[in-house]
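The values are calculated or read from the model by the stated rules, or taken from the named source; none is laboratory data. The model shown is predicted, which means the values in this text are computed figures rather than measured ones. Here the Cβ positions follow ideal geometry from the backbone for every residue, glycine too, while neighbour counts run over all protein chains shown. Remember, those area values only see protein heavy atoms, side chains included, never the ligands or the DNA or RNA. Shrake-Rupley method; radii C 1.70, N 1.55, O 1.52, S 1.80 Å.
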Amino acid sequence: YLLAGEGRQALTKSFINAVLEDSGDPCVETVELKSPFNLANWADDKETILDVKVSDATGAQYDIEIQNALHEGFFKRLVLYWAQLYAGQPEAGWKYGELHPCTVIALLHERIYTDTDKPHTYSAIVDRCERSRPFFPESPADYHILELAKFELNEKQLYTMDRKGTQR
């Protein structure tokens with residue numbers, strides 16, 4: 001409700017921009033809250049419901065997932081939600097070049113990456129042999145995981161963290 005409730009676009013935009021800014025990506029100008037329902041196309045298809053589904057002025061799609069517990073298949077679930085966002089874009093007469101990138105942002109109550117104190121981890125699809133080179137000229141998929149257990153959550157705590165997890 002906090003991010004998807006009626007009239008919450010400014011808060012949702014600010015949240016998405018904070019995540020994007022932290023990862024060095026450009027911020028969005030506007031957001032539009034979308035129906036979180038990904039309806040099944042066939043009788044045996046699974047219908048999924050996203051926590052928060054958003055699009056920006058460029059057509060890029062965002063899914064914000066809030067997870068209280070780490071479930072088996074967590075990463076596969078994020079990929080499925082991304083795939084449904086991406087595949088759900090085409091309309092009549094579409095062309096492949098008109099597909100927009102999709103981003104999944106997961107707020108996770110637990111720690112998942114125990115080898116770092118960095119609270120924000122994000123993906124980059126790179127060439128496996130040349131890891132400094134992106135695989136796609138424009139990445140169609142971005143994943144961000146925010147581990148809330150790595151933040152000090154109290155009303156007096158005002159700080160930012162750098163990309164290495166150092167408090168500033």
- Query: With every protein chain present, what accessible area does H109 have (1.4 Å probe, heavy atoms only), rounded to the nearest 10 Å²?
  - Reply: 110
- Item | Length gained when the stretch E6-E152 is fully extended (0.36 nm per residue, less Cα-Cα span) | 49.6 nm
- Query: What distance in nm separates the simple spin-label points at E21 and S132, each placed 7 Å from Cα in the Cβ direction?
  - Reply: 2.9
- Message: Cβ neighbours within 10 Å, averaged per peptide: list 81-87, 25-31 in order, most packed at the top.
- Response: 81-87, 25-31
- Message: Below 14 angstrom from the Cβ of R8, what's the summed charge of the other residues (Lys, Arg +1; Asp, Glu -1)?
- Response: 0
- Note on the structure: Residue-ordered couplings for segment 63-79, obtained by feeding phi - 60° into the Karplus form 6.51 cos²θ - 1.76 cosθ + 1.60 and rounding to whole Hz (Gly and Pro as x), are 10, 10, 10, 10, 10, 7, 9, 7, 9, 4, x, 3, 5, 5, 5, 4, 5
- Compare R133, R8 by solvent-accessible area with a 1.4 Å probe and give them largest first, with all protein chains kept in place. R133, R8
